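Reading through the structure tokens given below for one structure.
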Amino acid sequence: MTAVESAQTLRTAFGAVLSGPMEFRGEVTLQLADAARLAEVCAHAKDSLGFDFLTDITAIDNLGEAPRFTLVYELYNMRHGCRLRLKAAVAEEQGEVPTVCGVWRAAEWHEREIYDMMGLRFAGHPDLRRILMWEGYPYFPLRKDFPLAGRPTDVPGVAFTERAPLEGGPFVTAAGGRDTQAREPRVRQSEG
């Protein structure tokens with residue numbers, strides 16, 4: 001079964017909940033209209049269509065648009081060697097979507113990272129806590145409204161007490177530097 005056939009079968013099973021399939025450069029994507037049915041659609045994709053490997057989950061911040069966030073699930077069928085992408089729009093005020101940890105255990109880490117970096121919560125997640133930033137950190141660093149230069153924190157003795165994490169940002173590349181290390185993108189200090 002090809003990715004297009006799998007997508008059409010999934011679309012037939014869920015009707016208006018899924019739009020597509022859209023194919024671009026050999027990649028097939030289905031758009032989920034109701035993020036509340038995410039776990040149900042994913043379970044069907046795994047159990048009935050054989051998408052037994054969750055390659056990745058990521059979130060996109062569409063700042064200035066409604067809905068603000070898009071969740072992207074990359075699925076792989078090992079038996080047929082095909083990939084399928086599911087996208088679900090999530091409004092900022094929605095704040096919570098169902099976890100797919102019950103479908104693929106690998107989702108635990110992905111969902112924790114999305115929570116930590118974007119602030120999207122996953123209902124039913126067995127251990128939804130920060131994975132990269134420290135507990136109590138009040139911001140979500142991968143949101144587009146988070147300043148590249150970082151934000152000051154009032155948490156003494158934890159990682160940074162000044163601006164964090166990219167003091168002086170944005171990163172600047174020095175073209176034609178003397179070696180690779182000198183050309184790496186980094187925060188440049190004023191000389192003088």
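The single residue among 76, 115 that is in contact with a Cys (Cβ under 9 Å, 6 or more places away or on another chain) and either modelled with pLDDT of 95 or more or crowded, with 19+ Cβ neighbours inside 10 Å (or both) turns out to be 76. Residues considered: 11, 25. Of these, the only one that is of a type in the set (Lys, Arg) and farther than 16 Å from residue 82 by Cα is 11. Could you grab me the full set of residues in segment 39-60 that are over 17 Å from residue 6 (Cβ atoms) and surrounded by 15 or more Cβ atoms within 10 Å (Cβ to Cβ)? Selection gives 39, 57, 58, 59, 60. Within segment 37-73, track down each residue that is of a type in the set (Ser, Thr, Tyr), at pLDDT 95 or above and out of contact with any Lys or Arg (no Cβ under 8 Å at 6 or more places or on another chain). Listed by number, the list holds a single entry, 58. Is one or more of the residues making up segment 129-136 in the same structural domain as residue 53 (by TED's automatic domain parsing), within 19 Å of residue 41 (Cβ to Cβ) and surrounded by fewer than 17 Cβ atoms within 10 Å (Cβ to Cβ)? The answer is no, given that none of the residues of segment 129-136 is in the same structural domain as residue 53 (by TED's automatic domain parsing), within 19 Å of residue 41 (Cβ to Cβ) and surrounded by fewer than 17 Cβ atoms within 10 Å (Cβ to Cβ).
In a residue-by-residue description of segment 39-54, the property of being in a helix (DSSP H, G or I), more than 15 Å from residue 17 (Cα to Cα) and in contact (Cβ under 8 Å) with a residue 12 or more places away in the chain applies to at least one position.
The values are calculated or read from the model by the stated rules, or taken from the named source; none is laboratory data. Predicted model, so just to flag it, every value in this text is computed and none were measured. Heads up, the Cβs are rebuilt from the backbone with ideal geometry, glycines too, and the neighbour counts pull from every protein chain shown.
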